[in-house]
Amino acid sequence: MCSIAASDSPLSTSMYELSSKKVWIWTENSQVMTAAVERGWDTFIFSSQNQGLANEWSKIALIDPLFIKEREIFDNAGERVATIFQVSTPSELKKLHPEAHHVENVVIDLLDWQVIPAENIVAEFQGSKTTVFAVSKSPAEAQLFLEALEHGLGGVVLKVEVVKAVLDLKEYFNRRNEVHNRLSLTKATITQVHAVGMGDRVCVDLCSLMRPGEGLLVGSFARGLFLVHSECLESSYIASRPFRVNAGPVHAYVATPGGKTSYLSELKAGKEVIVVDQTGKMRTAIVGRVKIETRPFILVEAKIDANDQTVYSILLQTAETVALVCPHEGNRTQKTVIPVTSLKAGDEVLLRLQGGARHTGIEIKEFIVEN
């Protein structure tokens with residue numbers, strides 16, 4: 001029985017703890033089976049009448065078949081591994097509690113309603129040794145069950161007949177799994193700062209709050225993205241807005257999940273970006289709103305070292321609340337950010353170095369010159 005790792009969040013360490021989440025597949029489509037096995041999900045549910053299909057699939061792939069018999073689920077040896085519990089009314093939901101089922105796993109089929117029952121089940125089974133699965137008929141439903149009350153249920157049974165559903169759910173796990181990894185950030189030295197005039201500036205408002213040291217990776221070239229700080233710090237000029245990053249002009253690249261980039265002008269409500277902190281720890285966040293307004297810009301250029309011929313640049317609004325994140329130096333007490341209005345040659349900031357060639361936001365291997 002398979003589990004796929006995902007991620008945690010700096011603001012809520014339990015929200016995306018998918019490392020222990022399990023996925024079982026319920027299908028009669030051999031292509032769905034193949035797609036699931038190739039992505040590490042090898043537990044499949046069959047009706048009792050489909051023993052022949054289970055035997056056929058077991059000859060072509062290493063799978064763990066489970067069989068439904070009268071609202072119970074059994075393994076190939078005939079041992080009961082789970083109980084199925086259908087919930088369609090509040091009274092049926094109240095009957096569901098850890099002491100009611102002396103089995104390792106409980107599979108819940110919520111039928112017509114989802115959000116509130118899922119939250120109630122998470123609360124009821126919190127701290128229990130029983131793993132609770134929910135039957136999900138789409139990746140969107142699965143995501144809802146895995147994130148209910150931040151902790152989520154212990155797993156999902158993906159009941160589908162189309163391959164795309166498996167691919168989409170796997171992509172969701174992969175996006176969350178990224179957060180377990182730290183991005184490598186490089187120290188760069190500012191070489192030039194000067195005003196360049198007016199342009200269309202993009203403010204990105206997220207559906208998540210950011211902490212000091214966190215921001216978005218933005219740059220004029222994909223080869224080097226600057227860590228632009230959020231407006232979470234207190235200022236004498238304007239109230240703190242910890243959900244916002246004053247990110248730069250419309251043409252700039254911004255880092256998104258999956259190692260991809262988007263233009264700032266492409267962001268809109270519902271899209272995802274990655275939030276990164278001073279140590280490289282990252283998480284995904286949903287864009288709630290994008291504001292584009294005409295503002296004055298400063299051009300900032302940096303190099304990794306004095307002998308480096310590659311220049312990295314970003315344009316940012318000329319404002320005291322716009323800042324770049326400084327390198328993290330262990331436990332040394334130092335400033336976290338430098339406002340662009342105070343930025344000068346010789347200051348050190350953080351860069352994310354990566355491949356510069358892109359096609360629809362995806363890194364590709366090709367020769368490219370950008371200035």
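The values are calculated or read from the model by the stated rules, or taken from the named source; none is laboratory data. Source: prediction; values computed, not measured. Quick reminder, even Gly has a Cβ in these numbers, built from the backbone with ideal geometry, and neighbours come from all protein chains shown. Side chains are part of the model used for accessible areas, which takes the heavy atoms of the whole protein and leaves out ligands, DNA and RNA. Shrake-Rupley method; radii C 1.70, N 1.55, O 1.52, S 1.80 Å.
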- line: Checked against (1) modelled with pLDDT of 90 or more; (2) open to solvent by less than 40 Å² (accessible area, probe 1.4 Å), Gln192 satisfies every condition except (2)
- line: Of the residues in segment 1-40, those that are touching a His at 6+ places or on another chain (Cβ under 9 Å) and either open to solvent by 50 Å² or more (accessible area, probe 1.4 Å) or modelled with pLDDT of 50 or more (or both) number 3
query: Which of the residues spanning segment 226-267 are at pLDDT below 95 and among the aliphatic types (A, V, I, L, M)?
result: Leu233, Ile238, Ala239, Ala255
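Hey, could you check segment 304-321 for residues that are of a type in the set (A, V, I, L, M, F, W, C) and modelled with pLDDT under 95 and say which is most open to solvent (accessible area, probe 1.4 Å)?
Of everything passing the filter in segment 304-321, Ala306 is most open to solvent (accessible area, probe 1.4 Å).
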task: Determine, yes or no, whether Val135 is buried (at least 18 other Cβ atoms within 10 Å of the Cβ), more than 22 Å from the chain's Cα centre (by Cα) and either touching a residue at least 12 places away in the same chain (Cβ under 8 Å) or under 20 Å from Gly258 (Cα atoms) (or both).
output: yes
- request: Among residues belonging to segment 110-121 that are in contact with a Leu (Cβ under 8 Å, 6 or more places away or on another chain) and buried (at least 20 other Cβ atoms within 10 Å of the Cβ), point out the one that is modelled with the lowest pLDDT.
  value: Pro117
- line: Per the filter on segment 197-220, residues of a type in the set (Gly, Ala, Ser) and over 20 Å from Phe297 (Cα atoms) are Ser208, Gly213
task: Just one of (1) at pLDDT 95 or above; (2) of a type in the set (Lys, Arg); (3) open to solvent by 20 Å² or more (accessible area, probe 1.4 Å) trips up Arg201, so point out which.
output: (3)
